[in-house]
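All remarks here apply to the structure that follows.
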Amino acid sequence: MTLRTAKGPAAVLAGALAFALVGCANNDASAPSAGGTASGGTTQAGQPDVNGDGKVVIGVLSPGDINDNGYYESFVIGAEKFATSKGWQVIKRGSVPATEALGAARALCQQGVDMVALGASELKDAIPASEEPVCAKTAWYVPSSENVPQTPRTVISSDDPNQSMLAAGYATGLLMEQKKATKAGFVTGMEADFSVNAAKAFKAGIRMVVPKAELVTTYTGDFNDSAKAREAVQAQLSQGVKVIYPYLGGATDAAAKLAADGGAITLTPGTDRCDSTDPRFDVSVIFDPGAYFAAALELFAKGEMQLGTTKVWHLGKDAYPTVKICSPTAEQTQKMDAFIADVGADKIDTKAEVAKLGS
């Protein structure tokens, strides 16, 4: 699971997009405007009906469960919500193995889709199909991590996981400071570059507030296995951890519920769930892939989506990514707002802070 676009949960919307969480998630928040940073590209003739068959069909492939109450479902929800408003059709397929990505993409093109959208960068092996005759009349959207190359036929959406994860840690540090806590936990799936880097940035953000804080990191090997996630959470609670970040996919809710029931501070990996009560979350770390995708679809609907470009979403400059404490004090709100504004103004070098405090 790449939790970032994802940089993501991209998708990491990391080292990945990473990328995120529906269920009780708030996906009604307005999508980011078509801002971000994009290099010049080419606008495909006929958008959004690029194959000229009189209808618009969006094809979505996801490497994960598209009913996971999490990152993967968020991506599909974003597509369906926008498509419904425009009278478009969405063809979706979840739990696509990386080894089948290329064939699955070709199959979508054979069904006459106008766009192929990959739900996370694990499916990057599908991208060569964009240059094949069967997909000649399609646009492509890809949530990016650092291992996704730009091609002339793709639109890549990306963010910097150092920014959102450092901010997540900073918000957590403010809550730990309030509770006089010094030990936090991070539960994730595979021990991959993006998950390792996410943990480092999270630790660095905490230490910007609580300098002597400790982070216990557990890799379960599976983002969706709830039993493994709960086992990891219970082990961390037994070690006196007061914060648990379930940086997971389908196992998020099971892990968060156990953590919250154990009195730990909890965070979301991707979307706004401050209104959720079962499980409860204390911090929403929002790099919602559905919101990023909706912004691309908005351009597509206007005939303005440029292929061969990368859009980079920046904390403090765009609506997403962002981080919010669910029930902050006035002082915590002021500090969090100032932190995000400083990142947006490039007054905080997030990469340098991670290198200094995240090891």
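The values are calculated or read from the model by the stated rules, or taken from the named source; none is laboratory data. As the structure is a computational prediction, the values presented were derived from the model and not from experiment. Cβ sites come from the backbone with ideal geometry, for glycine too, and all protein chains shown count toward neighbours. Note: accessible area is taken over every heavy atom of the protein model, side chains too, but ligands, DNA and RNA are not part of it. Shrake-Rupley method; radii C 1.70, N 1.55, O 1.52, S 1.80 Å.
Assorted remarks:
- Residues that are assigned to a strand (DSSP E or B), surrounded by fewer than 24 Cβ atoms within 10 Å (Cβ to Cβ) and either in contact with a helix residue (DSSP H, G or I) (Cβ under 8 Å, 6 or more places away or on another chain) or among the hydrophobic types (A, V, I, L, M, F, W, C) (or both), drawn from the range 168-226: LEU215, VAL216, THR217, THR218, TYR219
- Qualifying residue in the range 283-290 (condition: in contact with a Cys (Cβ under 7 Å, 6 or more places away or on another chain) and either part of a strand (DSSP E or B) or modelled with pLDDT under 95 (or both)): yes
- The range 304-339: number of residues that are open to solvent by less than 20 Å² (accessible area, probe 1.4 Å), modelled with pLDDT of 95 or more and not aliphatic (A, V, I, L, M): 2
- Subset of the range 85-107 [farther than 19 Å from ALA139 by Cα and out of contact with any helix residue (DSSP H, G or I) (no Cβ under 7 Å at 6 or more places or on another chain)]: SER85, SER95, PRO97, THR99, GLU100
- Among residues of the range 49-94, those that are part of a helix (DSSP H, G or I) and open to solvent by less than 70 Å² (accessible area, probe 1.4 Å), counted: 12
- Checklist (1) surrounded by 16 or more Cβ atoms within 10 Å (Cβ to Cβ); (2) under 19 Å from the mean Cα position of the chain (by Cα); (3) under 19 Å from ILE156 (Cβ atoms) applied to ALA98, failing item: (1)
- Residues located in the range 227-252, provided they are among the aliphatic types (A, V, I, L, M) and either open to solvent by 40 Å² or more (accessible area, probe 1.4 Å) or part of a helix (DSSP H, G or I) (or both): ALA227, ALA229, ALA232, VAL233, ALA235, LEU237
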